[in-house]
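The values are calculated or read from the model by the stated rules, or taken from the named source; none is laboratory data. Keep in mind that this is a model prediction, so the values were computed, not measured. All Cβ positions, even for glycine, are placed from backbone atoms using ideal geometry, and neighbour counts span all protein chains on display. These accessible areas exclude ligands, DNA and RNA; they are computed on the full protein's heavy atoms, side chains included. Shrake-Rupley method; radii C 1.70, N 1.55, O 1.52, S 1.80 Å.
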Amino acid sequence: MINYFNFKQMDNHFLITNDFGNYSFLTNKQFYNLLKDQMDASDDDKKKTELIEKGFIGTHGQEQFLTQHANKLIDMKSYLFHAPSLHIFVVTTACNGDCVYCQAQSHHTGTGLMMEKETAEKVIDLVLSSPSSYITIEFQGGEPLLNFDLIRFVVETVEQKQIHKKINFSIVSNLTKITEEMIAFFQEHQISISTSLDGNADIQNYNRPMKNRQVAMYPGTISGIQKIQAHHVPIGAIQTTTAYSLTKADEIVDQYIFLHLNSIFIRSLTPLGMAYEQWNQIGYDAEQFKDFYQQCMLKILAYNKNGYFLVEGHARIFLKKILLQCAENYMELRSPCGAGLGQMAYYPNGDIYTCDEARMLAEMGNHAFKMGNVATATYQNLISSNACSVVCKYSILESLPSCHQCVYQPYCGVCPVISYAVFHDVTEKYPNHYRCAVYKGILDVLFELIQSEENRKIFLSWIEE
């Protein structure tokens, strides 16, 4: 029995994948022998054994095959058995930065809002009503440190509740406002910190200027990173790619090495907010990003081969699925996506959105994915809301015409919110459009690199817990 699989021709061989997250490379001869169920020739014996072990071929009938492999599919979809765990507190929409690609602001954005304690208390009660045993509360903005007093209030209030849940806190900040007092608080309460670092001073200041043009973003962010490192507090950084970044892969990776960072998360632009409005100036096509990502990966691998441990974030998420068949619960790379089912975002005025992207779309004046407001919402009516139902239904890859036969379907995900922003429809109207092509490009690069045993060993070191 041949199990269902998807495939793609890559140079002189075929890549095949199945719903268990397993993959295999086949020669042309092996591929066509598999299609004809004739993998018995002596030169195919080893490959046939591999395909049986990985669930591409069944040898004892359908019922036994299902019994043998059912848990593998459950493992790949384990996130479906958990309630929303990521809760994003947008503590302010005010920001001292003026990033050219800002997704959280657009020309529709009004005066900076600040979440008040009364609203925060209602959000906290709602968050803690989630059945999930593991909760992550993430503070975002704007620049969240502009409302640090509220962050302190939320953390201390949640901890005083003494509920039987594992609570993690994180914050995403440009770090230009960070103080020793804040760092001490983050350290005391084990709050993880993430910032945006797009490259060296030239790149950072171009992509991420300050509202006050007399001050540069780069010195403030670098100073913040170094202060945090001096206190031995973990710090992560995200790189966002603009057209200006595309020819500067080496400089960008080198900047992370200069700061003694061990991870870099390479992101393409998301067409929301200012990025959407200024796409003609800062945007690019997916093939350009693929070339850039490949250059970055080669540079990162070269550092690893020379003894410096540096992980690329997107690669790590994909590689856990590819090499370990592990359901990494990254909200935008799962089926269905994590909007509503895995995360919720809370605006300063108490409005609740299915996800971070949904509240960013709201900044553009479109509230299509608003689920309710904390003044009246309950966990049950949020989960059963129309917005939650729509993002779930239209992000199931196995049922989407442009996704269900894709070789990368077991590892990928779609975003109905971004599709709605671009196409005014919750599904992509054009197969292989920008976001789809970006992820295909990243996976093309990874599956090319993974064929090297040296690279594979490095990749395995990235995903070891």
With just the Cα atoms defining each centre, how far is segment 306-347 from segment 206-256? Give it in Å.
23 Å
Using only alpha-carbon positions, what ratio does the radius of gyration of segment 30-185 give when scaled by 2.2 N^0.38 Å?
1.71
Cα centroid of segment 420-454 to Cα centroid of segment 166-191, whole Å
34 Å
Convex hull (Cα only) mean projected area of segment 316-423, reported in nm² to one decimal:
7.5 nm²
How much of the accessible area of segment 386-465, probe 1.4 Å, is carbon plus sulfur, in whole percent?
53 percent
Per-q log10 I(q)/I(0), the chain, q = 0.10, 0.14 Å⁻¹ (Debye; single scatterer per alpha-carbon; no solvent)
-0.77, -1.48
So if I place +1 on the C-beta of Lys and Arg and -1 on the C-beta of Asp and Glu, and nothing else carries charge, what would the dipole magnitude of the chain be about its Cα centre? I want it in debye, nearest 20.
240 debye
So what's the angle, to the nearest 10 degrees on a 0 to 90 scale, between helix 313-324 and the longest Cα principal axis of the chain?
30 degrees
Report the Cα centroid-to-centroid distance between segment 126-150 and segment 279-304 in angstrom, as an integer.
32 Å
With 19 Å as the cut-off, how large is the P(r) tail for segment 175-303, expressed as percent of Cα-Cα pairs?
52 percent
With a cap of 12 neighbouring Cβ atoms within 10 Å, and only residues DSSP puts in a loop, list the trypsin sites (Lys or Arg not before Pro) found in segment 202-253.
LYS211, ARG213
In the chain, taking the dipole from +1 charges on Lys and Arg beta carbons and -1 charges on Asp and Glu beta carbons about the Cα centre, the listed residue (PHE81, ILE225, PHE459) farthest towards the positive end is PHE81
Rounding to the nearest 20 debye, state how big the charge dipole of segment 394-463 is about its Cα centre with +1 on each Lys and Arg Cβ and -1 on each Asp and Glu Cβ.
100 debye
All alpha-carbon distances of segment 370-445, grouped into 5 Å bins from 0, give the whole-percent distribution 3, 15, 23, 20, 14, 11, 8, 5, 1, 0
Could you give the angle, 0 to 90 degrees to the nearest 10, between helix 286-305's Cα long axis and the longest principal axis of the Cα atoms of the chain?
90 degrees
Do any of LYS227/LYS320; LYS47/LYS299; LYS8/LYS29; LYS46/LYS290; LYS72/LYS321; LYS122/LYS370 go past 22 Å between their Cα atoms, and which?
LYS227/LYS320; LYS47/LYS299; LYS46/LYS290
Considering the Cα positions of segment 265-309, please state its Rg to one decimal place and its Dmax as a whole number of Å.
14.1, 42
Whole number in Å², please: accessible area per residue of segment 372-465, 1.4 Å probe, ligands, DNA and RNA not counted.
45 Å²
In degrees, nearest 10, range 0 to 90: what is the angle between the Cα axis of helix 217-230 and the longest Cα principal axis of the chain?
80 degrees
Tell me, which cysteines of the chain are without a disulfide-compatible partner by the Cβ under 4.7 Å rule?
CYS95, CYS296, CYS326, CYS337, CYS355, CYS388, CYS392, CYS403, CYS406, CYS412, CYS415, CYS436
With 14 Å as the cut-off, how large is the P(r) tail for segment 171-225, expressed as percent of Cα-Cα pairs?
53 percent
Can you give me the P(r) profile for segment 1-113? Cα pairs, bins 5 angstrom wide beginning at 0, each as a whole percent.
2, 9, 15, 14, 10, 7, 6, 6, 7, 7, 7, 6, 3, 1, 0
D_trans [Stokes-Einstein, Kirkwood Rh over alpha-carbon pairs] for segment 322-379, 10 °C, 1.306 mPa s, µm² s⁻¹
128 µm²/s
Positive end of the dipole of segment 263-307, charges at C-beta (+1 Lys, Arg; -1 Asp, Glu), about the Cα centre: which of ALA275, CYS296, ALA286 has its Cα farthest in that direction?
CYS296
